[in-house]
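Take a look at the structure below.
The values are calculated or read from the model by the stated rules, or taken from the named source; none is laboratory data. All values derive from a computational prediction rather than experimental measurement. As a convention, Cβ positions derive from the backbone with ideal geometry for all residues, glycine included, and neighbour counts pool all protein chains shown. Surface areas here come from the heavy atoms of the whole protein model, side chains and all, with no ligands, DNA or RNA. Shrake-Rupley method; radii C 1.70, N 1.55, O 1.52, S 1.80 Å.
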Amino acid sequence: MYKKLKVMLPIALFIMFGFVQYFGLVPSTIDNIIHDNIMASERPTADNIIIVGIDERSINEIGTWPWPRLFVAEAIMRLREMGAAAIGVNVLYNTYGAVPEYDEALVYAAQRMDGLVLGGMGILEHYQTAGQMLEIFDYVIPFDELANEVHVGFLNPLPDPDGVLRRALTTMRFGDITIRSFPLEVYRAYRESMGQTATEDIPLDEYGRFPIRYAGGPGSFRAMSLWGVINEEYAEAIFRDAIVLIGPYAPGIGYGNYASPLNHSIATHGIEAYANIIQNFLEGIFLTEAPWWLNLAILTVTALVVFLMFGWLKPLLASIVAVILAAALLLGAWLVYSRLHIIISIGDILIFLVVSYLIHLIVGTLYANYEKQHIKGIFGRFVAPEVVNEIINGNLEIQLGGVVKEISALFVDIRGFTAFSETNPPETVVEMINRYLALTSSAIQKNNGTIDKYMGDATMALFNAPNDIPNHALCAVKSAWEMKKDSTALQMGILDEYGVDLQFGIGINTGTAVVGNMGSDFRMDYTAIGDAINTAARLEAKAEKGQIIISDATYQQVKQYVDVSDLGIVNVKNKKVGIQIYSVENVK
């Protein structure tokens, strides 16, 4: 049966993933992660693309955005004088301003700057394709006098569902008219200004988009302050024959900031995204999606390797082959991306590989897992979890007897619980004791202790048994201190609701004890016995509410880590000689 499963499961998975891949049923999340973290990388940004930012400095000087249009008009005129080849303004001036003179100044600047591009906005009722383009039912453009003097390109982005802008939307249809995007219009205006022909060979998907080959993330393009341009702070040579993009370059303003594949944590300003798209146009190198048949061919080759892996290899060797195969797929996809600029969709192929391997691993180890669970089912009834793991790993003999070793023992009891249990119904008592025991258990396990047993509302824990841990005395004290701190909120809630003050009393002692399996041949208990254990129990009995008492033996091992109050020498039950004890006030 096991051998048949090793053959049939990969075949079934291959058929299933072949359909999934052909019909595009797998979300692009994995492909996006691979693209953003492995494929996409920075390269030098174009020297002739310059951002003139509506930045914090300009806002501090001029005032809160939006500004009077005079300032943008002045910037356009100044850039024209310095020889800018094309200027794109990432601002939508679709209405007249409050001051007609400022509108006139903007129109005047537009009349004198041939390569000026302003933004429009296409209104999409829904994403409906028209040929290879999205169809819009309205197009918002600059006010009439201004629109007649400039190029207009739509500012609509089309980010992926995760908010990352990976594709550039270049064209849309408005009735019988094809309208172009803002970056495409800027690029065309630049080519026209330089006496060159704009490329028309742009590979687009069904929505009129192409994958953006980002050159840089936030802050990678050369940027100047608009205020500095107006005040003639920059040399003319910087802007001569350049593409200048004017737009929001400060947090909280503009028509949208987007995460880029190069940086998800810091938003890329819209003007920076446009700069990357324009650089793609200038370079004439575009990313394209691999055809479906190429992705299917890669899936087929991967499936053949998986068949061999399932049929001949053991789980350990199969895992090595799976890792090598995954690395080969990623390397191959990266080489095709970087050399041929083709995006291969290997996300579903990697999912196929991972799912196949996991199924192989599950089927291959099913019997071994069954045996381990069988052991846990038998011995977990009378042995602590840590001891069960030692048995399964072959590190502990299942027989009566023990060893002498130094340990730290911790006893914790809930002070005031008897009074609480006498005045509340059993279900409330059980709920409350479980909440307190959960606190003690969490603190003990967090500090590598072993829960030996629960005794009503008390807990006994061992540190340094069965597993050896360094600084076991400090681990015990830290565990007790966390119990005290973490129980404060619970204590105050119970005090408010029930009028009963429930707090831990804790005792800790360090010393040698006999640790091992105690009992009979048919019923054993892994525990520790000896004077060190009894002393820890006696210290817990002396602890007041919220008090942690430790012996001198424990204190000598932790004194550099704790602040204590000296409680002097006390006599405890069944000991002829008094012992020095301390109250823990703080753990450093």
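The set of residues in region 548-568 that are touching a helix residue (DSSP H, G or I) at 6+ places or on another chain (Cβ under 9 Å) and open to solvent by 30 Å² or more (accessible area, probe 1.4 Å) comprises Ala553, Tyr555, Gln556, Gln557, Tyr561, Val564, Leu567. Cβ contacts < 7 Å: first residue at pLDDT 80 or above, restricted to region 349-363; second residue not hydrophobic (A, V, I, L, M, F, W, C), any location; separation 6+ or different chain. Result? Note: pairs meeting the criteria are Ile349/Thr302; Phe352/Thr302; Leu353/Thr302. Of all the listed residues (Ile141, Ile123), the sole one being within 20 Å of Arg188 (Cα to Cα), among the β-branched types (Val, Ile, Thr), free of Cβ contacts under 8 Å to residues at least 60 places away in the same chain and surrounded by fewer than 22 Cβ atoms within 10 Å (Cβ to Cβ) is Ile141. Residue pairs whose Cβ atoms lie under 9 Å apart, separated by 6 or more positions or on different chains, with the first residue in region 218-244 and under 16 Å from Ala273 (Cα atoms) and the second in a loop (DSSP other than H, G, I, E, B) and open to solvent by 40 Å² or more (accessible area, probe 1.4 Å), are Pro218/Leu262; Ser220/Glu42; Ser220/Leu262; Arg222/Asp47; Ala223/Tyr249; Ile243/Asn48. Of the strands (runs of 3 or more DSSP E) that lie entirely inside region 446-543, those containing 2 or more residues that are touching a residue at least 60 places away in the same chain (Cβ under 8 Å) and over 44 Å from the mean Cα position of the chain (by Cα) span 503-519, 524-529. Mind checking which residues of region 300-351 are among the hydroxyl-bearing types (Ser, Thr, Tyr) and either closer than 23 Å to Thr29 by Cα or open to solvent by 40 Å² or more (accessible area, probe 1.4 Å) (or both)? Result: Thr300, Thr302, Tyr337, Ser338, Ser345. Considering region 184-227, and only residues there that are in a helix (DSSP H, G or I) and among the hydroxyl-bearing types (Ser, Thr, Tyr), the residue that is least open to solvent (accessible area, probe 1.4 Å) turns out to be Tyr187. Taken as a whole, region 463-471 holds at least one residue that is modelled with pLDDT of 95 or more, open to solvent by less than 20 Å² (accessible area, probe 1.4 Å) and under 25 Å from Asp563 (Cβ atoms). Taking the criterion of being outside any strand (DSSP E or B), open to solvent by 50 Å² or more (accessible area, probe 1.4 Å), more than 23 Å from His151 (Cα to Cα) and touching a Ser or Thr at 6+ places or on another chain (Cβ under 7 Å), would at least one residue in region 231-252 satisfy it? Scanning region 231-252, I find no residue that is outside any strand (DSSP E or B), open to solvent by 50 Å² or more (accessible area, probe 1.4 Å), more than 23 Å from His151 (Cα to Cα) and touching a Ser or Thr at 6+ places or on another chain (Cβ under 7 Å), so the answer is no.
Just the residues that are within 34 Å of the chain's Cα centre (by Cα), within 23 Å of Ile246 (Cα to Cα) and basic (Lys, Arg), please, taken from region 176-219. Hit for region 176-219 is Arg213, nothing else. In region 542-561, of all residues being touching a Gly at 6+ places or on another chain (Cβ under 7 Å) and of a type in the set (A, V, I, L, M, F, W, C), the one that is farthest from Ile414 (Cα to Cα) corresponds to Ala553. Taken over region 554-566, the residue count meeting the criterion of being under 24 Å from Gly530 (Cα atoms) and touching a Phe, Trp or Tyr at 6+ places or on another chain (Cβ under 6 Å) is 1.
The single residue among Glu81, Glu61 that is at pLDDT 95 or above and among the acidic types (Asp, Glu) turns out to be Glu81.
Rundown of residues vs (1) within 30 Å of Val301 (Cα to Cα); (2) open to solvent by 40 Å² or more (accessible area, probe 1.4 Å); (3) modelled with pLDDT of 65 or more, yes/no style:
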position	(1), (2), (3)
Phe382	no, yes, no
Ile391	no, no, no
Ser421	no, yes, yes
Pro425	no, yes, yes
Thr428	no, no, yes
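Here region 1-55 is the region considered, the condition is being among the hydroxyl-bearing types (Ser, Thr, Tyr) and at pLDDT 90 or above, and the residue that is surrounded by the fewest Cβ atoms within 10 Å (Cβ to Cβ) is Ser41.
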